[in-house]
Amino acid sequence: MSRISRRDFVARSGTCAAHLALAAAVAPDALRAAWAQTPLGTVVAREPFGSLEQVADGIWALISTPLGGDRTTLSNGGIIAGHSGVVAIEGFNQPAGAAWLGAKARELTGRWPTHVVVTHYHADHANGVAGYLSTDATNGKPAVRTTERTRELVLQRNQPTDDARTAALQQTVLVPTSGETTIDLGNRRVRVVPRLGHTDSDLSLEVDDPSVVFCGDLVWNAMFPNYVDAIPSKLSASVNALRRDRSTVYVPGHGALARQPEFDRYVAVLSEVERAARKAHDAGTSAADAGNAFTLPASLGEWTLFNKVFFERAFSAWYRELGG
Ligand SMILES: [Zn+2]
């Protein structure tokens, strides 16, 4: 961090992709190892950028391991297959990431993805989406599904600009935000649920039986979340709505697969941030000072945090909501 001024750092690290790139640059080896902790699912493919884990019959999660420095994928994502179609989740950081997942879908299910869903606009989830529309898409090119707001934000903000991505997004099937929609895969239904809080437009993909939830960046596991666009009260409400009271696999946006204990630990982290932010706000402490003074209680375990600015960013998000 020493050669990057704090202000430059804040400006450069707005997106989750930058957040992770910086993390990779400074992560000690022990943390890199912890990131790739023992998988919860059965690993069916392992690459420098991540592992594909089978979490249920016909459902796989790509758990990215970005701290090794390979940026093909930075976020998690996955595949949900049914008799009549295959859903690919996330566009990843680079087209090569999406093309890789498409090829894995064909290898595992006999089909290239028929549906692609992007959960939110951040570059590490959206920038590679054109990779699904490559010439390898032998059974027809899938339409990209996301919300109108997400499409707008990708087109406005994401760098570098990319004509193939723009073209892919021009054919987006817009997901309504008035209520959930269903992708019918024959023997299986995937609920696509509009939510918000990590950004002002997020999607979760939810399967009821078996109970599997692709959370997008509403949930992070063992890495402190990026609040750059967060609306923290909405984030908490969305996370509470994602929680199930039966045995469930949660696929977070970043970090290893989660079960209930990991999910609840994340909820506790959000609560701890809220408690401290409200207290500091009441006391008139600046977000920078409050972030600088903040630590997570040891009882919440190891959370990868690479610079105090990530705490400051969380406090700033709360201060936006609390006013003043
Ligand atoms: Zn994000």
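Laboratory data are not the source of any read-out in this text; all were calculated from the coordinates shown. In this text the structure is predicted, and so the values were computed from the model without any measurement. Note that we place each Cβ from the backbone using ideal geometry, even for glycine, and neighbour counts take in every protein chain shown.
Things worth noting here:
- Taking the C-alpha atoms only, the angle from helix 260-283 to the longest principal axis of the chain is near 40 degrees.
- Here the extension length gained between residue 56 and residue 279 equals 76.0 nm, from 0.36 nm per residue of separation less the Cα-Cα distance.
- Couplings 3J(HN,Hα) for the range 286-294, derived from phi with the Karplus relation 6.51 cos²θ - 1.76 cosθ + 1.60 (θ = phi - 60°), are 5, 4, 5, 5, 5, x, 5, 8, 7 Hz, where x marks Gly and Pro.
- Between 0 and 90°, nearest 10: helix 309-322 axis offset from the chain longest Cα axis: 90
- For residue 45, the residues whose amide H sits under 5 Å from its own are 52, ignoring neighbours fewer than 5 places away on the same chain, with H placed 1.01 Å from N.
- Sparse-neighbourhood loop sites, GluC sites (Glu not before Pro) in the range 96-191 - DSSP loop, at most 16 other Cβ within 10 angstrom: 180
- Placed amide H near residue 93: partners under 5 Å, 5+ positions off or other chain: 74, 75, 128
- Taking 96, 168, 293 as the candidate residues, the one with maximal mean-square fluctuation in a Gaussian network model of the chain, Cα springs under 10 Å, is 293.
- Between helix 16-26 and the chain: long-axis angle, C-alpha atoms, 0 to 90°, nearest 10: 70
- Helices in the chain, meaning DSSP H runs of at least 4 residues, each add -39500 (n - 2.57). Divided by all residues, the mean residue ellipticity at 222 nm is -11000 deg cm²/dmol.
- Approximate shape of the range 162-313 as ellipsoid semi-axes (Cα gyration tensor, √5λ), whole Å, largest first: 31, 20, 14
- Simple point charges give the picture: +1 on the Cβ of Lys and Arg, -1 on the Cβ of Asp and Glu, and for the chain a dipole about the Cα centre of about 220 debye.
- The chain - Rg and Dmax from Cα coordinates, angstrom: 18.7, 60
- Around the Cα centre of the range 43-197, unit charges on the Cβ atoms of Lys, Arg, Asp and Glu (plus for the first two, minus for the last two) sum to a dipole of about 240 debye.
- Residue order for 146, 304, 135, fewest other beta carbons within 10 angstrom first, comes to 135, 304, 146.
- Neighbour net charge for residue 45 - beta-carbon separation under 15 angstrom, K R +1, D E -1: -1
- Residues with amide H under 5 Å from that of residue 173, placed H, sequence gap 5 or more: 144, 145, 146
- Lysine pairs in the chain with Cα atoms under 27 Å, if 8 or more residues apart or on separate chains: 4
- Compactness ratio for the range 135-177: Cα radius of gyration over 2.2 N^0.38 Å (N = residue count) comes to 1.24.
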